[in-house]
Amino acid sequence: MNSEVTLMEGQEQPTDTTQAATAPVSNQLTFADLNISEDILRAVTDMGFVSPSPIQAEAIPPILEGRDVIGQAQTGTGKTAAFGIPALELIDPTDKRVQVLVLCPTRELALQVADEVKKLAKYKRGIKVESIYGGDSIERQIRALKSGVHIVIGTPGRVMDHMERNTLKLDHVKMMILDEADEMLDMGFREDIESILEDMPDERQTILFSATMSKPIMTITQRFQNDPVLVKVVKKELTNQNIEQVYFEVKPKAKVEVMSRLIDMYDLKLLLVFCNTKKKVDEIVEDLQLRGYQAEGLHGDLRQAQRNNVMSKFRSGVTSILVATDVAARGIDVEDVDAVINFDIPLDEEYYVHRIGRTGRAGKSGRAFSLVSRDEKYRFREIQNYTKVKVEKGVIPSFEDIVGLRKARFIEQLREMIAGSEDLNLYEDMLTTLHHAGFTTEQIVAALVKRSMGIEKNEFSDMSLGLEEDRRNDRRGERFDDRRGSRNDGSRFGDRRGTGRFGDRDDRRGSRNDGPRFGDRDSGPRGDRAPRERDANMTRLFVSIGRRDYVRPGDIVGAIAGEADIPGGSIGHIDIYDKFTYVDVPREHVNRVLDAMEGNTIKGRRVSIEVAR
């Protein structure tokens, strides 16, 4: 029978892990009450923490006792310290072998976890922590592992690579930690995770953290954990009532323009903008800076010193707009954020909750704006179903609205300057001088106002930036006809697939010897569907592994998503043949995928991957 503790986020914690959440509690719980070493206490103090978060208070004691633990908590609740502190207490620095392994779904999270564990280990002499992930030099990682590492933090794909090379030995692992296990399963890593766990010593602790307790998660816990303590940290409500939530249907190429108009319309002074990829962060920051905004980016490619500099400028108000990925933004706690803008709709409903929770704090009001393109509308409906909040559709401010608003603000600023300045006489002769130069008063005023306001027409000024329903329906009908063929020609797939209504079996499903396999894809809604025209935004890649290598679509998705650090849901159609595979990936991620997969393995076989000819 599992022990279970359920806490509301922000609730004080009982010190006995077997007590119910309603037990009497002390309001003075500190890290010193958790029976951790002086070295760790000093490091925690240096990091600015005194009281543990709910997940830390409830997870640390049973982990220190040697128990297996299931921690159900969302991101941003302090999970890293919850397992990092007990892991460090377990390490024998004199033993140079790997004693703790942490699996993370993405490179960004692996780097973040490694960075925090290193901070916690600040006064623990001789403890070495190493992160291993795709996209980094595997030779450098091999050298680091050979020199002796106590704690390894990595992505499943790269961990498997090192295990197969015999450069990562797990014979003496005392503690195995799965961080964000549900996300790793969603990315197709289930087989890798199970394989890694099977290679672990039987006598070990297994710690699992997950935002959700799905059936696959429970299967893993039942198979690989021994009488675990279940600790839940749940939110009292998913979204803050003080946050005004509005969405705008926007053409993808017009998102930066719409965001700029919203900044001007609502006079936003401190703003968080969320994107799904690092590349998009860099692109948006560049666009905003070109428009004159004080913007900085935050993502996993930044060194810690760069990250600290960016955050320092944002907290002080030197930078007014921070553009970030979800993983890189974890742990950000900045007061007085006016608004959050979802430039990309998050791939996970929980991310939406975490994002908008950065504004409207401490009883203050906040705003959350979501820019929804055509391809994101279904996902945004799922988010509304999840949060049980109907988000109102907003009207995109027009160019004329913004010009009028800026004119009004300019007049007010001018009024204040005239009323408060005593040295305007120094410039009174300028009007006469400019008249002598041949300019009219109207020209002079217009030019000065334009220079001050900094606004001018662009390609979006005179066009509709929203999604027109009639045009979308027309295009949808055209795509449907192209894909299915006309009703009269009897062909389901048009000229592309043959003359019969459905074509013969080999045409539809692929021949037994060399046709693509569609029926066994198990990694999402792309499975079990017939061939179709590829999206113009997707690029087809050739992968030198196929059915004869017993590869499944989930293996392809897991490898690419994990190593290239892209969402598994963004990967498109997969055609598996006997000796090779075709996979569609978003055009914007092609170079990242090619770089990350170079020299990597899938199902233990080294693969080459290139753009399909």
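Values quoted throughout were computed directly from the atomic coordinates according to the rules given, and no laboratory measurement underlies them. Everything numeric in this text was worked out from a predicted model, so none of it was measured. Glycine also receives a Cβ, built like all others from the backbone with ideal geometry; neighbour counts cover every protein chain displayed.
What does the charge count near residue 379 come to, summing +1 for each Lys or Arg and -1 for each Asp or Glu among other residues with Cβ under 12 Å from its Cβ? Please report the intermediate quantities before stating the final value.
Details: positive: 374, 377, 381; negative: 344, 348, 349, 375, 376, 382.
Once positives and negatives cancel, what remains is -3.
How high is the FRET efficiency from residue 35 to residue 123, r the C-beta distance, R0 25 Å, rounded to 0.05?
Details: r = 17 Å, r/R0 = 0.68.
Here the calculated transfer efficiency is 0.90.
Taking 0.36 nm per residue of separation and subtracting the Cα-Cα distance, full extension of the segment from residue 446 to residue 392 would add 15.7 nm.
Simple spin-label estimate for residue 143 and residue 336 gives 4.7 nm between the two label positions (7 Å along the Cα-to-Cβ direction from each Cα). Model label points for residue 42 and residue 222, set 7 angstrom from Cα along the Cα-to-Cβ axis, are 4.7 nm apart. Between residue 115 and residue 267, the FRET efficiency estimated from the beta carbon spacing at R0 = 30 angstrom works out to 0.25.
Pull out a ≥ b ≥ c, the square roots of the eigenvalues of the alpha-carbon gyration tensor of region 243-396, then state rounded if a/c is under 1.5, prolate if not and a/b is larger than b/c, and oblate in the remaining case.
Values: a/c = 1.41, a/b = 1.33, b/c = 1.06.
Rounded, because the longest to shortest axis ratio a/c is under 1.5.
Taking every C-alpha pair closer than 8 Å and separated by at least 6 residues, the mean separation divided by the residue count of region 3-234 gives a relative contact order of 28 percent.
Tally Lys and Arg at +1 and Asp and Glu at -1 over the other residues with C-beta under 15 Å from the C-beta of residue 443: what net charge comes out?
Numbers: positive: 450, 451; negative: 442.
Charge balance near residue 443 sits at +1.
Would you give the gap between the C-alpha center of region 81-144 and the C-alpha center of region 363-437, rounded to a whole Å? Cα centres, region 81-144 to region 363-437: 46 Å. A crude spin-label estimate for the pair residue 375 and residue 316, with each label 7 Å from Cα along the Cβ direction, gives 4.0 nm.
Oblate is the label for region 400-453. Its Cα gyration tensor axes, ordered a ≥ b ≥ c, give a/c of at least 1.5 and b/c at or above a/b.
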